[in-house]
Structure formats: structure tokens, C-alpha cells
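Worksheet for the structure shown next.
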Amino acid sequence: MMACMLGIIACVTIKKTSQENQRMLMSFRNGMLNAIKVKEWRHKVVSGCKAAVSDDDMVKIKKVSREFTSAIHENESVNNLDLKPEYWIQRCPFVFLDIGAGRGDTIGQFIDAGLEGCRRSDDDTEGFDQMHFDAESGKFVEALEKKKNKEGSKDFTMWVKHRIESFYPGLGPEDYCAYGVEANPLLKDDLVKLERHVNRMEPRPLRHLHFLTEKAAHSEDDVKKTIFIDSVRNEDNYPGSSLFESHKNVRESVDKYTDTFKYDVETISLSTLMKQTLSFFKDDANETKSRDTAETTELDEEHKTMEALSKQHLILYFDVEGSEFHVLNEAVDSGVICDFVKDTSNALDIFIHYHSPDVMNVMSKSAKRYIEQVRPYLLSDECGGENLNIKEHMKYFVDVV
């Protein structure tokens, strides 16, 4: 049985291996077939938009666009391997890591990058915007239906669209395995529900989705840290959090309520996340001990077929309320980031929200080291060079020369 994915020329032949390996290969194949459905729809909208000359043409294109998102549904009876715990984390060549996932809004904005609207000019009244995936409801909604205080970041969505297009034209969010990391235990139920919903969609807007809940991204693995819950966004029913008691929102909450909720969570490093989710870091020796030599050869050859024909891409999103410096310092120190991008055809794109000393109430040693040493090295030819791109928000420091 042969499966080919549009955009990247990759065909995989599923051979007779053990039942477990057959399931893995079938999941891989189904992911590519799912991506084809999404790409075919997107091609119809984009090509139709380019060819449109009349208002009637625009009406037809909008119908094609809206009929597709309306038809996406959750199939509760689907036997999706991604729903099983042993497949929650799987290695992929194209990965999106959402560090500080909140309620999943950024995952929604990432999905938006694969949706298409059509306007022939800025003042085209017959044109239409792309739909928006609302993570809270799990539905595709019109852009105008987005609540003002819940609007997805158009800046981030357009940045993702541009970075994927620059990396490999033809790819889309449907080709990416997406992983979110969120420490706040009050958001766990919402994230588990969203993960299950997206993985059961037909067709899926992502290849795979999993949230690591009650996990805090930091510089070490499996260390217990205290997370502080703030009340600044209580009116939005959206509890914020930080590992730092000195964070502005935590301080304001303590001033208002005398105390704040605290929870113990475990940490995970970016190095571990990258090694667990990117097929670039596949450790054949550790992963094949339970399979006999013949099965190992067949299965590994199938995955090598895909990976040999494709570059690998990691998109990182950071909004971790002050932990960004600890996380990136560790990943550079370990060599994992540089190993991924240096002297390879891989690409790493980072979208980061910085948290200044005004927010954190302190200029930490980690922040100072990141600004003066780690960031310059990260962007240098010794590490990332042209294969690494950083989009920085709330940057409060000047570049070190």
C-alpha cells in the first residue's frame, strides 16, 4: 500500500511487521492522507482566489472555504492511535512547541495559519477573511465572531504562515505535530478536552496534538517547583500563573487577596522536549530493544524514507512569564539547539515574549546571561546562523555587539 503526501515527495510502503509496527506505520500513513485532504481544499481556495474576476466568483470561493471548515467534525467513534497514552508523544520531522500553552489559544492561532481567506484588494467588500479556530469552544468561527478580549494574535498567525512557506512551500499546520506545555493545573481539564477534540477531527488541522499538563518548562528535568496562581484575569475566567513569586501579576494578587494559590509541579527542559518530539534526535539503540532485528530494519527504513527526503522544522513559541531565559540558556548549554540547526538543512523559528525586570521585579542572573552571552551565540554562525530566526516581542534590551 503506497501513500504520497503533496508538497513533500514522500512515499511509504507498509510491509508485514509486528502488529505494533503496523499500527505505527498506519498512523504515519493516515497522517499524510489527512494532510492531503487539507492541502487539496487550500489549493482550491487559493487558486480560485487568484482566478476570481467577479463578485460571483468570490461568492463561490467563499462557499468552498466555509463548506470545508463546516464539514470538519469530531468523530467520536474514530479509532485514532493518537488518543492512546503510548502515542501521546511521538517524533515528527515538523514540530510546533507551545511553551506556556495557557488554554490553548496559541494552538488555535497556529491552526489559523493553515486557513485561507480571499481579498483582491484592501478595500474589497466582497472578499472574506479566513476562519478562526476558537480553542475555547473547539469550533471554527468567523473572524468577526471573535470576542475582543479573546482575539487570536494575527501577528503570530501571519508569522507562522510566512515561516512555514519560507521553510518549504506546500507545507501547512496539518503536517506538524504540536505539543503544548502548561504548568497551571487549573487549565488541565480544558487542555485535555481540546487535545482529544482536535485528534478526533476529520480531517485534522494538525498531524498530532498533545499537551504536557502540570509541567513547567525550566532548566532541569523532573524537579518539583512551586507555581503561583494570579487573579489578574479572573474576570475572563482565565487564571494566570508564574514560577516566580516576584512576578507583577502574582504581587498584585497578593496585595489584593493577601495570599495566592500555590501548587507543586514538575519541570521539563527544552532539550528533553526536542529530543522526545523531533525525529532528528531518534535514538535507534534505545527505541528498538523490544523489536527483533528484522522488524527494526523494516520499520526504520520506512521512517528514513520520509526523513531523507525532507528537511526538519521546529517552531518554538514562548510565553512563560519569566522562565524563557532559564529554558533557552539550558537548551544552548546542552548543545541540542545548535546540533539541530548547525551544518544541517533544518530550520528553527522562535517567537518569544520577553518579561522585563519591571514585570519580574528583578534582573535575574539568567536573564543577564541570556542577553549578554547566550542570545548572541544562538544567533551566530557558530550555532544557528541563517537556519535560526527569532521574532521578539516586548524586547526591553539592546543587542550586544
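The values are calculated or read from the model by the stated rules, or taken from the named source; none is laboratory data. Just so you know, these numbers come straight off a predicted model, no measurement behind them. Here Cβ is always computed from backbone atoms with ideal geometry, including for glycine, and neighbour counts include all displayed protein chains. Keep in mind that these areas ignore ligands, DNA and RNA; they rest on the heavy atoms of the full protein, side chains included. Shrake-Rupley method; radii C 1.70, N 1.55, O 1.52, S 1.80 Å.
Among the candidates HIS197, HIS208, single out the residue that is under 26 Å from SER334 (Cβ atoms) and at pLDDT below 95.
Just a single option satisfies the conditions, and that option is HIS208.
So SER345 ticks every box in (1) under 30 Å from ASN249 (Cα atoms); (2) at pLDDT 90 or above but one. Which box is left unticked?
(1)
Of the residues that sit in region 28-50 and are more than 23 Å from VAL95 (Cβ to Cβ) and among the aliphatic types (A, V, I, L, M), which one is surrounded by the most Cβ atoms within 10 Å (Cβ to Cβ)?
Step by step, filter region 28-50, then rank; the result is VAL45.
Looking only at residues in region 248-274 that are within 24 Å of ASP98 (Cα to Cα) and assigned to a helix (DSSP H, G or I), which one is most open to solvent (accessible area, probe 1.4 Å)?
For region 248-274, the residue satisfying everything is LYS248.
Can you name the residue in region 342-401 that is in a loop (DSSP other than H, G, I, E, B) and among the hydrophobic types (A, V, I, L, M, F, W, C) and is also most open to solvent (accessible area, probe 1.4 Å) among such residues?
In this case the residue turns out to be VAL401.
So VAL223 passes all but one of these: (1) open to solvent by 20 Å² or more (accessible area, probe 1.4 Å); (2) under 21 Å from the mean Cα position of the chain (by Cα); (3) among the hydrophobic types (A, V, I, L, M, F, W, C). Which condition number does it fail?
(2)
Against the condition at pLDDT below 95 and crowded, with 22+ Cβ neighbours inside 10 Å, how does ALA178 come out, does it pass?
The answer is no for ALA178.
So, ARG120, is that one within 28 Å of TRP88 (Cα to Cα), in contact (Cβ under 8 Å) with a residue 60 or more places away in the chain and not aliphatic (A, V, I, L, M) or not?
In short, no.
All but one of (1) at pLDDT below 90; (2) crowded, with 20+ Cβ neighbours inside 10 Å; (3) over 30 Å from TYR354 (Cα atoms) hold for THR13; which doesn't?
Among (1) at pLDDT below 90; (2) crowded, with 20+ Cβ neighbours inside 10 Å; (3) over 30 Å from TYR354 (Cα atoms), the lone unmet condition for THR13 is (2).
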